[in-house]
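All of the numbers you see were taken from the coordinates with simple rules; none came from a lab. Keep in mind that what you see is a predicted model, and the values were worked out from it rather than measured. Neighbour counts are summed over all protein chains in view; Cβ atoms, including those assigned to glycine, are modelled from backbone coordinates with ideal geometry.
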């Protein structure tokens, strides 16, 4: 029986991989067979051994840079003693992923903000058309917290292709907690350019009046962010909608978001049956349809991109 390696399951525990040329796999008799799928050869970006204060590297986000063969990856280094937060770093490749530069800190948990100390998670990179800078958005949370569920948005930019980063303070018209996962999408709402950033919150575990809902932030400047919309919950039973990715869909102004799911009241359980859910907007992201299951998209609480 033929076997195909699955390379992306739990790779964030030890090392990042970058895939570029065809793999060779083995059949049940130990004979080499040519792999025919989408998985490509491995290039190591970074290893956990290079971070003595961290026990895990995780949540990489890759983006094309300003020049040919220029790539940037932002990722987290999970600080010892924490389960989902630490530092955010960036590494650059000038040769389309063959080799990678030494990582540069974007957000460092050791740099205090006055008397406060924060840890960071889940970077999102974005290169705005017409701008020479590349943005990095992430989650910031007090380091003493048990987890990153109460995080707020933080940002930095690079003007030299990822070799140095400048933090910026944003004007936040949404002041609640958030969790990031997916990239920014450019759209138009009522004829004006908007940037949409999907996010969700998971405050029910620590607050009986909290919620597990998905929402969309929007900005016209990448510096000021407001709450644009919530994704409406299914009408029969609520679902923990989270880590959704937005894509252009259909005609101009139409968007679709596909979301990871879990049981709303007990996040250790899947939906029944286990399915990803989706929602559609036909007005550039201002309003969204009621979330509904994707019948052909199995999802047992796993991430999607």
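By the count of neighbouring beta-carbon atoms within 10 Å, fewest first, 145, 281, 221 end up ordered 221, 145, 281.
For the chain, what value does the Rg/Rh ratio take when both radii are computed over Cα atoms and Rh is the Kirkwood radius, given to two decimals? Don't skip to the end; give the middle numbers.
Values: Rg = 19.9 Å, Rh = 20.6 Å.
On the Cα set of the chain, Rg over Rh gives 0.97.
Can you give me the Rg/Rh ratio for the stretch 50-143, using Cα atoms for both radii and the Kirkwood formula for Rh? Rg/Rh: 1.00. Normalising the average separation of contacting C-alpha pairs (under 8 angstrom, six or more residues apart) by the number of residues puts the relative contact order of the stretch 171-305 at 21 percent.
Would you please give the FRET efficiency between residue 268 and residue 230, computed as 1/(1 + (r/R0)^6) with r the Cβ-Cβ distance and R0 = 30 Å, to the nearest 0.05?
On the way: r = 24 Å, r/R0 = 0.81.
Efficiency at R0 = 30 Å is approximately 0.80.
Rounded to the nearest 0.05, what FRET efficiency do residue 300 and residue 220 give with R0 = 35 Å and r taken as the Cβ-Cβ distance? Could you check? That pair, residue 300 with residue 220, gives E of 0.40. Residues 55, 165, 100, arranged from fewest to most other Cβ atoms within 10 angstrom of their Cβ, appear as 55, 100, 165. When the chain is treated as a Gaussian network with alpha carbon springs shorter than 10 Å, the biggest mean-square fluctuation among 70, 214, 242 belongs to 70. Please check: in the Gaussian network model of the chain (C-alpha springs, under 10 Å), which one of 137, 120, 174 has the largest mean-square fluctuation. For the chain, modelled as a Gaussian network with Cα springs under 10 Å, the answer is 174.
From the square roots a ≥ b ≥ c of the eigenvalues of the alpha-carbon gyration tensor of the stretch 171-305, which class results: rounded (a/c under 1.5), prolate (a/b over b/c), or oblate? Oblate, since a/c reaches 1.5 and b/c is not below a/b.
Note on the stretch 153-185 and the stretch 62-118: Cα centroid distance 13 Å, given to the nearest whole angstrom.
By other beta-carbon atoms within 10 Å, ranking 296, 41, 263 with the fewest at the front produces 296, 41, 263. Using C-alpha pairs under 8 Å with a sequence gap of at least 6, the mean separation divided by the residue count of the chain gives a relative contact order of 9 percent.
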